[in-house]
Amino acid sequence: MNMNINISPATLNDWNQVNQLQLQSQLDLNQTSNPTYRSEMEQKGFLLGEYSFQEYQSHIKDIFLLAKIEQKLVGYIRISHQMEFRDNQQKKWVNDQEKIEYYHPPHAEIGAIVISTKFSGQGIATMLLSKAIEKLQPEHSSLYSIIAIAPILNKPSLQFHQKNNFKKVSSGSPSQLFGFLNYQSELLKLRLVT
């Protein structure tokens, strides 16, 4: 499929489309006990947590890139400079050096990558990631991303990150987060400079 994809920074005027795509991708916690729904979300991918206009206003000051086809939003990537993988004794790091590097920036984290299911598997997420990396280099040494692995594995996200050379640097023990009693995640890292 030949698509003319336009990548541009998000603006306040894009909120309605961003919110619509966010809501379509958001995991419905009330459905997670349904095995069919869980299986579908593991295959499709999902976002956790709600997203407000106030958060959006704050995030567009950082790197927030949109992919549009004929002015219709088909995906986005949001990069944060905040550390979302909080330190506690429940984390298992692959080695001490990775822990030290994470807690001593400069680096950034992927806050979200969302692609419309109609356009998934067509390289749009990779295009967005490449543009975001261009904006991060050379000031940032690494790009991190947090992937949900339990109670529902976000398979498409994990596969995307692995395909783009992200490596696991830490995993969290089960905790109460996002409405789950046994939420678990992994922290993945892409080294941007050597």
**Request:** Give segment 25-53 a look and list any residue that's of a type outside the set (S, T, N, Q), surrounded by fewer than 16 Cβ atoms within 10 Å (Cβ to Cβ) and in contact with a Phe, Trp or Tyr (Cβ under 8 Å, 6 or more places away or on another chain), or say none.
**Result:** ASP28, LEU29, GLY49, PHE53
**Request:** Please give the number of the condition SER116 fails out of (1) closer than 15 Å to GLY45 by Cα; (2) touching a His at 6+ places or on another chain (Cβ under 6 Å).
**Result:** (2)
**Asked** Going by the structure shown, is ASP28 farther than 25 Å from ILE152 by Cβ and not β-branched (Val, Ile, Thr)?
**Response** no
**Prompt:** How many of the residues in segment 1-38 are among the charged types (D, E, K, R) and in contact (Cβ under 8 Å) with a residue 60 or more places away in the chain?
**Reply:** 1
**Item:** Matching helices (runs of 4 or more DSSP H) fully within segment 1-83 where at least 1 residues are within 20 Å of ALA108 (Cα to Cα)
**Value:** 53-59
**Request:** Scan LEU73, LEU65, LEU21, LEU29 and give me the residue that is of a type in the set (A, V, I, L, M) and over 24 Å from ASN4 (Cα atoms).
**Result:** LEU29
**Request:** Could you look through segment 62-91, keep only residues that are over 17 Å from the mean Cα position of the chain (by Cα) and surrounded by fewer than 13 Cβ atoms within 10 Å (Cβ to Cβ), and pick out the one that is modelled with the highest pLDDT?
**Result:** LYS72
**Unmet criterion (only one of (1) crowded, with 16+ Cβ neighbours inside 10 Å; (2) of a type outside the set (A, V, I, L, M, F, W, C); (3) in contact with a Pro (Cβ under 9 Å, 6 or more places away or on another chain)) for GLU139** = (1)
**Asked** Among the helices (runs of 4 or more DSSP H) contained in segment 92-194, which hold 2 or more residues that are modelled with pLDDT of 90 or more and over 15 Å from the mean Cα position of the chain (by Cα)?
**Response** 96-102, 124-136
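The values are calculated or read from the model by the stated rules, or taken from the named source; none is laboratory data. Since the model is a prediction, treat every value here as computed from it, not as a measurement. We place every Cβ from the backbone using ideal geometry, glycine too, and count neighbours over all the protein chains shown.
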